[in-house]
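The values are calculated or read from the model by the stated rules, or taken from the named source; none is laboratory data. Everything numeric in this text was worked out from a predicted model, so none of it was measured. Note that we place each Cβ from the backbone using ideal geometry, even for glycine, and neighbour counts take in every protein chain shown.
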Amino acid sequence: MCFSTAFGDDMKVAAMRKAIGSLVEVVKKAAEGHGVDRHLYAIFQTWERSKPTGDAVPALFADAGWAALNHTTISTSNCGNAVLGLFGFGPVVADGFGIGYIIRDHSISFCAASKHRQTARYLHMIQEPSHPIHMI
C-alpha cells in the first residue's frame, strides 16, 4: 500500500504509523519477557543445565519447529549511540545477515554483514523503498 499511487500521502503516512506502532508493541512485549520464544529458550536452558547425563532431548526441543525458531536468518542490533559513524553486527548463523543500525534525528545508518550472501544487494533492497517513504 505504501508505494501505490492509488493512495494519497496522508493514507501512506497513516499506514506507516500504524505499522510502526504494531512493531513498537511487539518489541516492547519482547523486552518485557512476553515473547514465547524467550520463555521456551529459558525452559530449554534450564533443562540443559539440570539434565542427567544421557537423558534424551525432550520431544519439543528435538522438533524441526524448534530448530527453525532458533535459526535467526536476519539478526539486528541498534547501537543507540548516534555519535558513531557506523556500527557493525555480524550474522548469528552461517547463512544469515547481521545488521547494525544507528537511528539519528534525520537519518538511519545501516551496516550489514554476511558470510555467503549477497550483502550489497540486500542493503540495496532496504535502501530502495526507503526513498519514497523519506520523501513523504
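Figures for the structure shown
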{"quantity": "Counted residues, segment 119-135 - those being under 18 Å from F89 (Cβ atoms) and touching a helix residue (DSSP H, G or I) at 6+ places or on another chain (Cβ under 9 Å)", "calculated": "0"}
{"quantity": "Selection from segment 27-48 of residues that are under 18 Å from N70 (Cα atoms) and either within 17 Å of the chain's Cα centre (by Cα) or β-branched (V, I, T) (or both)", "calculated": "V27, A30, A31, G33, H34, G35, V36, D37, R38, I43, T46"}
{"quantity": "Test: residue in segment 70-88 that is surrounded by fewer than 10 Cβ atoms within 10 Å (Cβ to Cβ), of a type outside the set (S, T, Y), in a loop (DSSP other than H, G, I, E, B) and touching a residue at least 24 places away in the same chain (Cβ under 8 Å)", "calculated": "yes"}
{"quantity": "All positions within segment 3-49 that are modelled with pLDDT under 85, among the hydrophobic types (A, V, I, L, M, F, W, C) and part of a helix (DSSP H, G or I)", "calculated": "V27, A30, A31, V36"}
{"quantity": "For R117: the one exception among (1) of a type in the set (D, E, K, R); (2) at pLDDT below 85; (3) not in a loop (DSSP other than H, G, I, E, B)", "calculated": "(3)"}
